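The values are calculated or read from the model by the stated rules, or taken from the named source; none is laboratory data. Small disclaimer: the values here were computed from a predicted structure and weren't measured. Don't worry about glycine lacking a Cβ; one is built from the backbone with ideal geometry, like all the others, and counts go over all protein chains shown.
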Amino acid sequence: MQFRFDEFQIAMRDAVRAFCTGRLALADIAGREDKPAEPALWSALAELGVLGILADGPGTGLGLVEASLAFEELGAHLAPGPLLWSTLGAPFVDGAADGAVRVAGVELDDSLPGPVVVEHADGADVLLVLRADRIELVPRAALLPATAGLPLDPLTPVAVFDTIPAGRVVGDAAAARRLRNRGAILSAATLVGVAQGALDTARGYALEREQFGVPIGSFQAIKHILADMYVRVELARAATYAAAAIATDPRAGDLAHSAAAAKVLAGDAGIANGRAAVQVLGGMGFTWDMLPHYYLKRAWVLENGFGTASAHAAGLGAAVAEEALAGSPAAS
């Protein structure tokens, strides 16, 4: 596959990057903790076209490649609010694309009863429920009272519900598969941004912090850590872009397999780079005031959405085994 971004895609990525730099400065990230995204920010994201980037209909929406570029930047700047589900839900929820309705979401396995944890539930207007064979829409008012959960990420508040009631069906099994693949790819794109943000933080500190009269980035041990971080980001980025391109043109490959591979590599990059950034910053890296723990915790949250790395790896392994058996002499 020969893959290059066109001028429009590059301009769109740069516009989202400039927006994030101006509106989502990391210097005051502590002020975002346990708070929903401000209405002005949400409206601005809608005007920028982020929330409606996957919306259906003439003159609306772009595609998964453009969405992946946008979510990579949003991930690097630890953007707040239910951005992922609001964007994924735009084709199913009126008002989501223009920012009038905020969409929280959850993927449910009917065989696993018990409490359900929903991210950004208190700040959302509706809940999109992804089941194995359908997509349901549940108004926020129809949900039972929730208890506040203890979030992994201080920027991602959660609520715990005993049960989720049945909602209005807005998508069939095919739509559910499509949403699941899109969610995995955009989660991977966000994780690529998280991994890049952790790398940028570690690199910046390594160039500024001095020991024995020289930057610690000149020490071989730090160079090796940073080099490994860079390789993880680039592998995950390539896999994510490839998955987004295949989603746009399925003739290029297997969408489910490519989405799974992207999620595996991006999840590893996000978590490993978050940990590495903590290590590079040393004692400061463990403190709440430094950025590494935000990246690491956001990576943990994203890792658990739309299939964990272990689940995707198991699925890919089974697919490879099946292909090997199908191609063996005994099978023929």
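For ALA55, state whether it is of a type in the set (Gly, Ala, Ser), free of Cβ contacts under 8 Å to residues at least 60 places away in the same chain, surrounded by fewer than 23 Cβ atoms within 10 Å (Cβ to Cβ) and farther than 28 Å from LEU296 by Cα. Spell out how you get there, then give the answer.
On the way: of a type in the set (Gly, Ala, Ser): yes; free of Cβ contacts under 8 Å to residues at least 60 places away in the same chain: yes; surrounded by fewer than 23 Cβ atoms within 10 Å (Cβ to Cβ): yes; farther than 28 Å from LEU296 by Cα: yes.
The answer is yes for ALA55.
Here are VAL129, VAL117: which of them is assigned to a strand (DSSP E or B) and buried (at least 20 other Cβ atoms within 10 Å of the Cβ)? It would help to see each step written out before you state the result.
Values: VAL117 fails: buried (at least 20 other Cβ atoms within 10 Å of the Cβ).
Within the list VAL129, VAL117, the selection yields VAL129.
Working carefully through the options GLU47, GLU107, GLU73, GLU33, find the one that is within 16 Å of the chain's Cα centre (by Cα), surrounded by fewer than 20 Cβ atoms within 10 Å (Cβ to Cβ) and among the acidic types (Asp, Glu). If you could, list the steps in order and put the result at the bottom.
Numbers: GLU47 fails: within 16 Å of the chain's Cα centre (by Cα); GLU73 fails: surrounded by fewer than 20 Cβ atoms within 10 Å (Cβ to Cβ); GLU33 fails: within 16 Å of the chain's Cα centre (by Cα).
Only one candidate passes the filter, namely GLU107.
Kindly indicate which of PRO139, PRO165, PRO154 is exposed (fewer than 13 other Cβ atoms within 10 Å of the Cβ) and either within 21 Å of the chain's Cα centre (by Cα) or at pLDDT below 95 (or both).
PRO139
All but one of (1) touching a His at 6+ places or on another chain (Cβ under 8 Å); (2) in contact (Cβ under 8 Å) with a residue 40 or more places away in the chain hold for ALA104, so report the exception by its number.
(2)
If we keep just the residues of segment 186-214 that are free of Cβ contacts under 8 Å to residues at least 40 places away in the same chain and assigned to a helix (DSSP H, G or I), which is nearest to ALA269 (Cα to Cα)?
My answer is ARG203.
If I filter segment 283-328 down to residues being loosely packed, with under 12 Cβ neighbours inside 10 Å and farther than 24 Å from ASP254 by Cβ, which single residue comes out as modelled with the lowest pLDDT? Please lay out each step first, then the result.
Of all residues in segment 283-328, those loosely packed, with under 12 Cβ neighbours inside 10 Å come to 283, 287-289, 310, 317-318, 320-328.
This time we only want the ones that are farther than 24 Å from ASP254 by Cβ, so: 283, 287-289.
Working: GLY283: 81, THR287: 88, TRP288: 86, ASP289: 88.
The selected residue is GLY283.
Would you confirm, using the coordinates I've provided, whether ALA202 is over 19 Å from the mean Cα position of the chain (by Cα) and within 20 Å of MET290 (Cβ to Cβ)? Steps first, please.
Values: over 19 Å from the mean Cα position of the chain (by Cα): yes; within 20 Å of MET290 (Cβ to Cβ): yes.
For ALA202, the condition - over 19 Å from the mean Cα position of the chain (by Cα) and within 20 Å of MET290 (Cβ to Cβ) - is met.
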